[in-house]
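K.L.:
Submitted below is the structure of interest, expressed as structure tokens.
All of the numbers you see were taken from the coordinates with simple rules; none came from a lab. Predicted, not measured: the structure shown is a model, and the values here were computed from it. As a convention, Cβ positions derive from the backbone with ideal geometry for all residues, glycine included, and neighbour counts pool all protein chains shown.
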Amino acid sequence: MNDIVHHLKDAGFENMTISMAEGTGKFQDEEAFVSQKFSITDSEIAKLELVAKKEKVDAIVKIICEYGCTLNPGDGLIYVSDVEKAYRVKTGLENGEE
């Protein structure tokens with residue numbers, strides 16, 4: 001994750017949120033002990049959230065794929081969605097108004 005964050009910052013994407021979470025998916029280690037197969041989650045994950053303009057999405061996806069790829073199952077997913085509005089908590093102003 002540090003490589004991804006470093007390269008995103010170098011590319012000008014300074015503001016992001018990183019959360020630690022637990023994930024589950026189709027992948028399960030075949031050599032896991034029976035007690036390990038009973039868990040609700042498979043692994044600890046880091047979740048990165050970043051809001052950017054549409055024209056910047058491809059660059060962000062490229063950086064995440066290039067520096068996040070391990071060639072192992074469970075490298076993660078990238079979701080892209082629209083953000084309709086954003087408000088600054090401090091001022092209540094919409095979409096970065098001054």
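K.L.:
Would you mind computing, in nm to one decimal, how far apart the modelled labels at Glu84 and Thr17 are, each placed 7 Å from Cα along Cα→Cβ?
P.N.:
Once both label points are built, they end up 1.8 nm from each other.
K.L.:
While we're on this one: Provide the gained length on full extension for the span Lys9 to Lys47, in nm with one decimal, where the gain is 0.36 nm per separating residue minus the Cα-Cα distance.
P.N.:
Roughly 12.0 nm would be gained on extension.
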